[in-house]
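So the structure is just underneath, and the comments pick up after that.
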Amino acid sequence: MKVLVIGSGGREHALAWRLSQSQSVTDVFVAPGNPGAAQVARCVPALSIDDQLAFALEHQIDLTVVGPEAPLVAGIVDRFRAAGLTICGPTALAARLEGSKAFSKEIMSRAGVPTARYVVTTTREQALRALDQFGFPLVLKADGLAAGKGVVIAAHRRQAEAAIDELTSSRLVVEEFLPGEEVSYIVVTDGYRAIPFAPTQDHKAVFDGDKGPNTGGMGAYRDPGILTEQQDESIQRTIIEPVLARMREEGHPFTGFLYAGLMLTANGPRVLEFNVRLGDPETQPLMCGLQSDLAQILLAAAQGSLAGV
C-alpha cells in the first residue's frame, strides 16, 4: 500500500513514522513534510491541494491521511474522492465542526451533547451585551480557524472587551467558563463506529505553571488512567455517538479523526470544542503507544468498514 500524509508538523512526522512500520505499507510520502519526516518517508514539495491531488493520481496512492485542519475545511477530501482516491478525513461540510465554532455549538445543541452555555455574536455591540449574560471568568472564541489560538479566557470585563477587539473574527462565541480538568479524547470513525485512542492531555499555555496565552500546544502526554471506565463510557454514549448520529441526520456523515476537547467537571464531561483531525502535539504520544496496524485502521475508516477491524 502506498500512503500519502498531508502536512508539515510533528503530527505528520509521527504519523509517517507509525505508518512506515505497517506490514501492509510499501511506501510513505509526506507533502510537504519536514526534516524529521524525511528520516522515515519521502517528502514531496506539494503545497496546494491541486499539487497534492496530482501527485496522488500520478503515483497511484492507495490511502491519503490528512494532518492539519485547514485542507480539510478547504475540501481536500471532496476533491480526492471526486477523483476516485481513498482518503481518511471529513468532507468540507462535515469539517465545519472545527471550521466554525458557532456551527459546532449548534450541532451539539441539536444532538443534546453536554457543553457550556453560549451566545453567538456577529457585532462588537452584541458581544459586549453578551458579557452581561455570564459571570467572570468567561470564554471568548473566534468563530473560524485560529491554529489553536483563537480562545481567550477573560478574568474580568476589561480583559473581555480587549479580547473582543483583538480577536479577528467578526463572529464570536461567548460562553460560560467550565472549571475542571481538560482532556483530549480522539476517535477514528467511519461515520458509524468509533474506535477511541487512549486519552491525552495537551498543555497549551506558553509559560510554566499553566501561565500566559494559549499556543497550539507546548506538549502532551498519553495515559489511559486519565479517565475511569465509567467516564470513558459516558463520553462515548453522551458525546461521540450523539454527534456522529446528528451529522448523519444533517446529511454530512463524519469520517476520519474526531477530537473532542473535554472538561471533566463536577457534573461530568463537557465538550469545550470539536476538532476534525488528530491533535498536535497529542499525536506524538499516541503514535508511540499504538500497537495496532494504523494503516489498516485508517483504510477501513476511509472505506466505511471499521466494523470489520
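We did not get these values from a lab; they are worked out from the coordinates using the rules stated. Here the structure is a predicted model, which means the values were calculated and not measured. Cβ coordinates were reconstructed from backbone atoms using ideal geometry, including for glycine residues, and neighbour counts include every protein chain displayed.
General remarks:
- The C-alpha radius of gyration of the range 224-305, expressed as a fraction of 2.2 N^0.38 Å, stands at 1.19.
- Contour minus Cα-Cα distance for Leu128 and Ser109 (0.36 nm per residue): 4.5 nm
- Per-residue HN-Hα couplings for the range 70-87 [Karplus 6.51, -1.76, 1.60; θ = phi - 60°; Hz; x = Gly/Pro]: 4, x, 5, 5, 7, x, 4, 5, 4, 5, 5, 5, 4, 8, x, 9, 8, 9
- Rg/Rg_globular for the range 122-231, with Rg_globular taken as 2.2 N^0.38 Å and Rg from C-alpha atoms: 1.25
- For the range 1-102, the normalised intensity computed at q = 0.11, 0.14, 0.17 Å⁻¹ comes to -0.29, -0.48, -0.70 (log10 of I(q)/I(0), Debye sum over alpha carbons, equal scatterers, no solvent).
- Under the simplified labelling scheme, the Glu176-Ala205 pair shows an inter-label distance of 2.3 nm, with each label point 7 Å from Cα along Cα→Cβ.
- Close amide H pairs (under 5 Å, H built 1.01 Å from N) link Arg277 with Tyr259, residues at least 5 positions away or on another chain.
- Per residue, the average separation of C-alpha pairs within less than 8 Å and at least 6 apart gives the chain a relative contact order of 20 percent.
- Stretch gain in nm, segment Phe136-Arg117, where the contour uses 0.36 nm per residue and the Cα spacing is subtracted: 5.5 nm
- P(r) weight above 25 Å for the range 159-309, C-alpha pairs, percent: 35 percent
- Between 0 and 90°, nearest 10: helix 49-58 axis offset from the chain longest Cα axis: 20 degrees
- Nearest-ten-degree value, helix 294-303 long axis tilted from longest Cα axis of the chain: 80 degrees
- Cα pair count fraction exceeding 38 Å, expressed as % - the chain: 12 percent
- Calculated FRET efficiency for the pair Ala38/His59, C-beta based, R₀ 25 Å, to 0.05: 0.90
- Rg and Dmax of the range 118-176, both derived from C-alpha coordinates alone, stand at 9.9, 28 Å.
- For the range 219-260, the Cα gyration tensor yields ellipsoid semi-axes of 25, 14, 5 Å (square root of five times each eigenvalue, largest first, whole Å).
- Two-site label geometry, Gln291 and Asp50: point separation in nm, points 7 Å out along Cα→Cβ: 4.8 nm
- GNM top mover of Leu63, Leu290, Leu264 - the chain, alpha-carbon springs below 10 Å: Leu290
- Using the Cβ of Gln21 as centre and a radius below 15 Å, the other residues enclosed give a net charge of -1, where K and R count +1 and D and E count -1.
- Alpha carbon centroid spacing (whole Å) that separates the range 177-214 from the range 235-281: 11 Å
- Protection-proxy order for peptides 174-182, 269-277, each taking the mean of Cβ atoms within 10 Å per residue, highest first: 269-277, 174-182
- Kirkwood Rh and Cα Rg combined as Rg/Rh, the range 148-202: 1.12
- Positive end of the dipole of the chain (Cβ unit charges, origin at the Cα centre): among Ala130, Ser20, Ala94, the Cα lying farthest that way belongs to Ala130.
- Computed from phi, the 3J(HN,Hα) profile of the range 109-123 under the Karplus parametrisation 6.51, -1.76, 1.60 (θ = phi - 60°) reads 4, 5, 8, x, 7, x, 8, 6, 4, 8, 9, 9, 10, 10, 9 Hz, with x in place of Gly and Pro.
- Between helix 157-166 and the chain: long-axis angle, C-alpha atoms, 0 to 90°, nearest 10: 40 degrees
- Relative contact order for the range 1-117, counting Cα pairs under 8 Å that sit 6 or more residues apart, in percent: 21 percent
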